[in-house]
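Read the structure below first, then the notes.
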Amino acid sequence: MSLALTDITLTYPDGDGRLTALDHVSLDVPKGTLTAVIGPSGSGKSSLLAVAATLITPDSGTVTVDGTTTTGMTRGELTDLRRHKIGIVFQQPNLLPSLTAAEQLQVIAHLAGRSPGRARGRAMALLDAVGLAAQADRRPHQLSGGQRQRVNIARALMNDPTVLLVDEPTSALDHERGAAVIELITRLTHQQATATVLVTHDRTHLAAVEQVAQVDDGRLRLPVPAR
């Protein structure tokens, strides 16, 4: 498994007590496969994604990324793990307005200490993979919403992560553009051999995924029929 969550429990302060966001959740995502996580608002989907991204440390349980268990890691070690092993596609692209599409990707490689020449080649290859090679020198305001989300996805893949975490990537897109983004994520998951987790509210996107999990009140139900 490239990503494994094992018996994860996560709570938050709630007045005099604790609110359980994740309740003994376990999930295995093999490389080259896509797992969709569904559930109502407030069910724990975002908490699950944050724990998988090592952005939040759970109360108990273990997170394993590409064979490395994160328990006991320092903040710096977790940052380094994310930089090299985990790609995150946020709900909003949050692209830097002054940078071109290619530069959005190159800055990620720079943060990881990669050479500028290789970074440019990698960025162009990824933009070509998401159908944006011709828009490499355009800035965010010159791109459509769907194109900005494609840059967002390419950016998350820049450092060859083994785990790809995707948070509601179609929420700001119409159905046609949303379906194209999901098809792109599915294709790149197989091509790049990432262990991908997709949080989504739209069941129409689930037919192509390998695994569907549902979160309700912090508990994970698996498997769930895609249709």
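Once the C-beta distance of Ala134 and Arg187 is scaled by a Förster radius of 22 Å, the resulting FRET efficiency is 0.70 to the nearest 0.05. Projecting label points 7 angstrom from Cα along Cα→Cβ for Leu55 and Asp202 puts them 2.1 nm apart.
Relative to the current alpha-carbon distance between Arg120 and Arg83, full extension at 0.36 nm per residue lengthens the span by 11.5 nm.
Comparing Pro58, Pro116, Pro13 in a Gaussian network model of the chain (Cα springs below 10 Å), the most mobile by mean-square fluctuation is Pro13. One decimal place: the segment Ser144-Leu19 gains 41.0 nm when fully extended, by the rule 0.36 nm per residue minus the C-alpha distance.
Every number in this text was worked out from the coordinates using simple rules, so none of it is lab data. Given the structure is predicted, the values throughout are model-derived calculations rather than measurements. Please note: Cβ atoms are built from the backbone with ideal geometry, for glycine as well, and neighbour counts cover all protein chains shown.
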